[in-house]
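The values are calculated or read from the model by the stated rules, or taken from the named source; none is laboratory data. Just so you know, these numbers come straight off a predicted model, no measurement behind them. Positions of Cβ are backbone-derived with ideal geometry, glycine not excepted, and every protein chain shown enters the neighbour counts.
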Amino acid sequence: MAAKLDPIAEFREDHRKVRDGILEITEALRDKNVKKAREILGTLNVLTGPHFRYEEEYLYPALRSFLGEYVDQLVKEHDNVIETAKVCASLLAKDELNDQESQDASNAAMQLLIHVSNCDGLAILSERFNAQEMENLGNRFAEAREAGVPLLEWADTIRK
C-alpha cells in the first residue's frame, strides 16, 4: 500500500517549486534565454495542472465552510493565472523576444508569483480539517497527480 499523501505538505511544496520556477523564468528572461524560460514554463505547466485541479475540484469546495463565497474569488484568480500562463506560453513560443516582449513575459510570471503567495495561506485553514477530511483530500490530491493533466490542457478540456 502506498504511503498516505499529506495534502498540506504537498500543497506547500508545490508552491515552493512554482515560486522557484517563476523566479528562474524571470531570471532567464532578463538574460534573454527564451529556451530556458520555455522549458521552465513547460515544467510548471505539468506541475500546476494537477495542483489546480485538486484545488478547484476538492480543496476549494472543502474550504467553502470557512471562506463561504470567497471561494468564488479563488476560482477567478485561477482564471487570471490561466490566461496569464497562456500569454506567457504564446510569448515564449517565439525563438527570440524583443525588450518589450521579454518585459511582458516577466510581468506575467510575476503575476503568477502573487497568486502563489496568496494561495499558500490556504494551508493554514486546511489544518482545521479533521483526520478523515485530510485523508480524503490527500487521496484526491494523489488522484489528480496520477491523472497528470498539465494546466493548460486541463483548463481547455476538463475544467468546468
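Here are some notes:
- Condition met for Gly42 (in contact with a Leu (Cβ under 6 Å, 6 or more places away or on another chain) and either closer than 27 Å to Thr157 by Cα or not aromatic (Phe, Trp, Tyr) (or both)): no
- Scanning region 111-130 for any residue that is closer than 16 Å to Arg12 by Cα, of a type in the set (Asp, Glu) and assigned to a helix (DSSP H, G or I) turns up at least one such residue.
- Pairs meeting the criteria (first residue in region 101-128 and over 20 Å from Gly49 (Cα atoms), second residue outside any loop (DSSP other than H, G, I, E, B) and polar (S, T, N, Q), beta carbons under 7 Å, at least 6 apart or on different chains) are Ser106/Thr26.
- Meets criteria (more than 13 Å from Leu151 (Cβ to Cβ) and aromatic (Phe, Trp, Tyr)) for Tyr54: no
- Residue selected from region 36-76 under the condition basic (Lys, Arg) and without any contact (Cβ under 8 Å) to a residue 60 or more places away in the chain, by the criterion nearest to Glu10 (Cα to Cα): Arg64
- Pairs, first assigned to a helix (DSSP H, G or I) in region 138-158, second among the hydroxyl-bearing types (Ser, Thr, Tyr) and surrounded by 13 or more Cβ atoms within 10 Å (Cβ to Cβ), C-beta under 8 Å, six or more apart: Arg140/Tyr54; Arg140/Tyr58; Phe141/Tyr54; Phe141/Tyr58; Ala144/Tyr54; Ala144/Tyr58; Arg145/Tyr54; Leu151/Thr48
- Summed over region 1-54, the residues that are over 13 Å from the mean Cα position of the chain (by Cα), surrounded by fewer than 16 Cβ atoms within 10 Å (Cβ to Cβ) and closer than 26 Å to Asn130 by Cα give a count of 6.
- Hey, Leu97 under 19 Å from the mean Cα position of the chain (by Cα) and surrounded by 13 or more Cβ atoms within 10 Å (Cβ to Cβ) or not: no
- When Asp120 is tested against (1) buried (at least 16 other Cβ atoms within 10 Å of the Cβ); (2) farther than 18 Å from Gly42 by Cα; (3) touching a helix residue (DSSP H, G or I) at 6+ places or on another chain (Cβ under 7 Å); (4) modelled with pLDDT of 95 or more, just one condition goes unmet, and that condition is (4).
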